[in-house]
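Below: the structure, in structure tokens.
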Amino acid sequence: MKSKTILLHVCCAPCMIVPLERLRKQSFQVNGFFYNPNIEPKEELEKRKTNVLAYSKRNDCAMFFDQNENSEQFFAAFAGKLEGPERCHTCWYFRLKKTAEHAKKNNADYFTTTLLVSPYQDGEKIREIGEKAAAETGVMFHYENFSTGYQQAVQISRLENMYRQKYCGCKLSLAQRQAAKKTRIKPS
Ligand code: SF4
């Protein structure tokens, strides 16, 4: 019987741990796809890419990297959506649509995303956006609540000494993180 193929959109190495393990247990043949033009600055993007490449090699997962990372189209899509949840929805759609297109081009049966690992993201909205990209491309979106494995991913990534980023990816999320840090260390 032909195994089902799935393209896994990967945001970072720690978030790849649980989906890769679970999808393989379900007999999916998994390939990875790194497309995250949201990540800034460039040094941070390179750090995450290097770690994803190392993890995928250690775990024998073929990985594709989109070369047009910081595309102008991506940032243009944010015009007027710099605040609130709409910004993240636009960001997710951009990445999932590109993943679905890559899956279609490479004849994958399904696509999914490591964005579903974080309990800090809106999993239901990611599902809705994934299904929209699926309807637009004709490739099925595999939804699974990977966030139940979040703690496992944290433990393994610590044990394996993997790079764990401190912010989601865009400049605004970096600024928010820095502001929160300052608030925490403010003397009383
Ligand atoms: S916070 Fe994260 S998901 Fe939202 S726009 Fe920034 S990088 Fe994208």
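Does the range 155-175 include one or more residues that are crowded, with 19+ Cβ neighbours inside 10 Å and touching a Pro at 6+ places or on another chain (Cβ under 6 Å)?
yes
Residues in the range 99-142 that are within 15 Å of the ligand (Cβ to nearest atom), open to solvent by 30 Å² or more (accessible area, probe 1.4 Å) and not charged (D, E, K, R): how many?
3
With F65, F34, F74, F78 as the choices, which residue is more than 25 Å from N145 (Cβ to Cβ), crowded, with 17+ Cβ neighbours inside 10 Å and not basic (K, R)?
F74
Every residue, every condition in (1) more than 15 Å from the chain's Cα centre (by Cα); (2) acidic (D, E); (3) at positive phi; (4) away from the ligand (no atom under 14 Å from the Cβ), yes or no:
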| position | (1), (2), (3), (4) |
| --- | --- |
| R22 | yes, no, no, yes |
| Y35 | no, no, no, no |
| L53 | no, no, no, yes |
| D66 | no, yes, no, yes |
| G84 | yes, no, yes, no |
| H89 | no, no, no, no |
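Looking at F74, F78, F64, F33, can you tell me which residue is part of a loop (DSSP other than H, G, I, E, B) and farther than 22 Å from Q155 by Cβ?
Being part of a loop (DSSP other than H, G, I, E, B) and farther than 22 Å from Q155 by Cβ holds for just one of F74, F78, F64, F33, which is F78.
Would it be correct to say that Y163 is assigned to a loop (DSSP other than H, G, I, E, B), away from the ligand (no atom under 14 Å from the Cβ), closer than 25 Å to L45 by Cα and in contact (Cβ under 8 Å) with a residue 40 or more places away in the chain?
The answer is yes for Y163.
The values are calculated or read from the model by the stated rules, or taken from the named source; none is laboratory data. All values reported here derive from a predicted model rather than from experimental measurement. With ideal geometry, Cβ positions are generated from the backbone for all residues, glycine too; neighbour counts draw on all protein chains shown. Heavy atoms of the whole protein, side chains included, go into the accessibility calculation; ligands, DNA and RNA do not. Shrake-Rupley method; radii C 1.70, N 1.55, O 1.52, S 1.80 Å.
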